[in-house]
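The values are calculated or read from the model by the stated rules, or taken from the named source; none is laboratory data. Every value quoted in this text rests on a predicted model; they were computed, and no experiment measured them. A quick note on method: Cβ atoms are made from the backbone with ideal geometry, for glycine too, and the neighbour counts reach across all protein chains shown.
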Amino acid sequence: MLGICKERSELVKAMKISILYFSQTGNTQRMADIVKTGMETVPNVEVRMFPLDAVDDDFLNESKAVIFGTPTYFANTCWQLKKWFDESHNYNLGGKLGAVFATANGLQGGFHTALSTVIDHLITKGMLVYSSGTGCGRPYIHLGAVAVKGHYEQGESLCYIFGQRIAQKASELFGE
Ligand SMILES: Cc1cc2nc3c(=O)[nH]c(=O)nc-3n(C[C@H](O)[C@H](O)[C@H](O)COP(=O)(O)O)c2cc1C
């Protein structure tokens, strides 16, 4: 019986998930890595990370969920991600699950606006936006996971849980 289940699970095609991020000094990349690790605890997912200038177009188009990571720049998303959204009309993001995480230097640095600006873009692209919110209990992840300088340990743990929750939701929605 166990053997049969194993064979079946091997036949199930892994669901692709992309993590797109911009990172100049490595903080957002580090968090992207942790989001990926969290996601990979969910069975049957294939998660790949792409900096904005090296996206695998086919993998992204085939992904059921796309997670965006942004540093906070002047209390908003970085211009590099804004530019990517403005020029991303060749990608088919509509109907995919979308989520966002951010890094920032300060608790008063405006990461909320960075997150909500990205969410606006995701909605405009026709994505199904999800953060887990307060719906999965604590830790609450309101608009998206955040890692703030001086509190990275907390941010890392949040990014891991965030990754798990987003992959779990993608699996519920799109898994075979
Ligand atoms: C041009 C610029 C503007 C920034 N503006 C803010 C800001 O408004 N609020 C904030 O909390 N951090 C700000 N930061 C700090 C970055 O958000 C923070 O260091 C982030 O983690 C950098 O991500 P990275 O290491 O992935 O590039 C700014 C950094 C740069 C380079």
Inset, instruction - Could you tell me whether ALA104 is modelled with pLDDT of 95 or more and in contact with a helix residue (DSSP H, G or I) (Cβ under 7 Å, 6 or more places away or on another chain)? - result: yes
Legend entry - Selection within region 102-140 - under 16 Å from LEU20 (Cβ atoms) and within 16 Å of the ligand (Cβ to nearest atom): ALA102, THR103, ALA114, LEU115, THR117, VAL118
Inset, instruction - Starting from region 117-137, take each residue that is free of Cβ contacts under 8 Å to residues at least 40 places away in the same chain and list its partners that are crowded, with 20+ Cβ neighbours inside 10 Å and of a type in the set (Lys, Arg), counting only C-beta distances under 7 angstrom and pairs at least six apart or across chains. - result: TYR130/LYS169; SER132/ARG165; CYS136/ARG165
Legend entry - Residue ID - farthest from SER116 (Cα to Cα), chosen from residues in region 44-76 that are among the hydrophobic types (A, V, I, L, M, F, W, C) and within 16 Å of the ligand (Cβ to nearest atom): ALA54
Inset, instruction - Considering each of THR77, THR113, THR28, THR72 in turn, give the residue that is within 16 Å of VAL148 (Cβ to Cβ) and either within 13 Å of the chain's Cα centre (by Cα) or of a type in the set (Lys, Arg) (or both). - result: THR28
Inset, instruction - Could you pull out every one of the helices (runs of 4 or more DSSP H) wholly within region 1-95 that has 2 or more residues that are modelled with pLDDT under 95 and out of contact with any helix residue (DSSP H, G or I) (no Cβ under 7 Å at 6 or more places or on another chain)? - result: 2-11
Inset, instruction - Consider LEU158 carefully, then state whether it is within 16 Å of the ligand (Cβ to nearest atom), over 30 Å from LYS13 (Cα atoms) and in contact (Cβ under 8 Å) with a residue 12 or more places away in the chain. - result: no
Inset, instruction - Scan region 77-101 residue by residue and report those that are within 18 Å of GLY155 (Cβ to Cβ) and either polar (S, T, N, Q) or near the ligand (Cβ under 8 Å from one of its atoms) (or both). - result: THR77, CYS78
